[in-house]
Amino acid sequence: MESLALSTISSRQFSTTFPKTTPHSSSSSLTPSTSPHALSFRSTRSSFTRELWGIVNSQRAITVRKERSWVIRAEMFGQLTSGLESAWNKLKGEEVLTKENIVEPMRDIRRALLEADVSLPVVRRFVQTVSEQAVGVGVIRGVKPDQQLVKIVSDELVKLMGGEVSELTFAKSGPTVILLAGLQGVGKTTVSAKLALYLKKQGKSCMLIAGDVYRPAAIDQLVILGKQVDVPVYTAGTDVKPADIARQGLQEAKKQNVDVIIMDTAGRLQIDKSMMDELKDVKRVLNPTEVLLVVDAMTGQEAAALVTTFNLEIGITGAILTKLDGDSRGGAALSVKEVSGKPIKLVGRGERMEDLEPFYPDRMAGRILGMGDVLSFVEKAQEVMKQEDAEDLQKKIMTAKFDFNDFLKQTRAVARMGSMSRVLGMIPGMGKVTPAQIREAEKSLQIMEAMIEVMTPEEREQPELLAESPARRKRIAQESGKTEQQVSQLVAQLFQMRVRMKNLMGAMEGGSVPALSNLEEAMKSEQKAPPGTARRKRRSVSRKQFAGSSGEPGPRGFGGGN
Ligand SMILES: Nc1nc2c(ncn2[C@@H]2O[C@H](COP(=O)(O)OP(=O)(O)OP(=O)(O)O)[C@@H](O)[C@H]2O)c(=O)[nH]1
């Protein structure tokens, strides 16, 4: 057999494209929705977080902008991202995922993957797995079907790309030897130097061996790059056989007690027998710890086929995917592991020496979906607030029983989800919140916690006790080290919160939509009110709503001078 050529892969013209900006569809964001099925848990969570925010900044009424479009920078695979987005859009207005309503979205997913140059068998398997899971998934309160599908696709993409990050292996004793192979122009020489720098940063001493004897310029290029990253380069010219260069270089590296040896080899325009034989000889001499095939991301599923062939021919340990910063469609990143069984260990994302990093399947999936932190927000929300909690909370809100215990529980749940800044940052439309405002909000939450902590169990359960008794408020102020005014504000805010949440919940349960618009109007007028008038206005709105919505009288004597 003279030629093993699968296909002729020439060095491709490389063009760098800049990150694309993709408008995010509103359906996949967590923007509060007023549709009847858009549910309590999610809505409660987002309205609650807004409430917290509103409370701690009540005097200034920080505007929570309910932007429906969330602009995300889809760094790569823009076309794939928007192809998948049309799948989620098809589920708008659906209440559950069914065999019937996923047909169209699955067709979109299939098309998007094929257009991204993912190999057909991989696409088929992927679509089948996702469809099976989508139909079998139960309803999760507060999570819409399109979000559920995003999550399933995300999990499957991660699995497709190998699940966990695949670390480089290091020799237990003696130097670690990394042999790099690949076709011409894929970036091997550049990767050799990048890898040396990457390992140097981990405290390992490195030596490069120039084994590309067919292209003298490649040796010069490696020497120059070696200088750039300050790593020695072993060269023996172009008249020595690559296997001999490998032997000599290895000896030299051992003499110098180098931790890692990286050997660059010649690339060809296509796979042929002499190339494979040469590599086999080099491999025999070096007995490498890692044999990594460097593949160009822009070659799509061909990259996966190459990894398979090299693995069958010489036995490799993994791949390095270069030029991911370019105009690649995603096929290579998504197909390599599934097709060849070998993991992508590192990715090159630019021409600079620093542009080499481990391949993280989960981050890659996140980038492909272009969902930013929405996925992790959904996950954390699910973790933190279990369904029963949500139901319990909903019941309390509907009966206007939301008390200080719930308030504290919710505040702490938010804290468990990460710092306030992270949580707020994950909410669409909250992008404009400044770090200073977030710090202030966190400080205010601490103040509120201090006041709630000194309340008696009855006071926590019946905020009315505090509303009616200046003496109790005074005691709380003294014990928590806060002012009476701060205590009064906190109590007033709890009542406002009850009303607002109840109205919101009513609207979302398909109930009183006008109540919601009244509330929004009230909120708007608060925000527009000139300084000094906001508080008075809020109080009267609050009292009216409290009395009107619960059927109970407003807290007597509260709100006047304490
Ligand atoms: N944008 C971008 N360019 C890259 C990346 N990796 C390599 N390149 C560029 O790709 C071109 C080819 O890289 P080389 O390192 O010379 O490729 P090679 O595989 O050694 O080529 P031969 O020696 O001909 O086999 C160079 O211009 C590199 O700067 C990458 O991750 N991103």
Stretchable slack from residue 461 to residue 230, in nm (0.36 nm times residue separation minus alpha-carbon distance): 76.4 nm
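In region 176-372, what % of DSSP beta bridges are antiparallel (nearest 5)?
On the way: 3 of 27 bridges.
Taking every DSSP beta bridge within region 176-372, about 10 percent pair in antiparallel fashion.
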Using the beta-carbon distance between residue 132 and residue 169 and R0 = 35 Å, what value does 1/(1 + (r/R0)^6) give for FRET efficiency, to the nearest 0.05? 0.50
Length released on extending from residue 363 to residue 484, taking residue separation times 0.36 nm less the Cα-Cα span: 38.7 nm
Going by amide H atoms built from the backbone, whose H comes under 5 Å of the H on residue 322, apart from near neighbours? 295, 296, 297, 348
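Each value in this text was obtained by applying a stated rule to the coordinates, not by laboratory testing. Since the model is a prediction, treat every value here as computed from it, not as a measurement. Quick reminder, even Gly has a Cβ in these numbers, built from the backbone with ideal geometry, and neighbours come from all protein chains shown.
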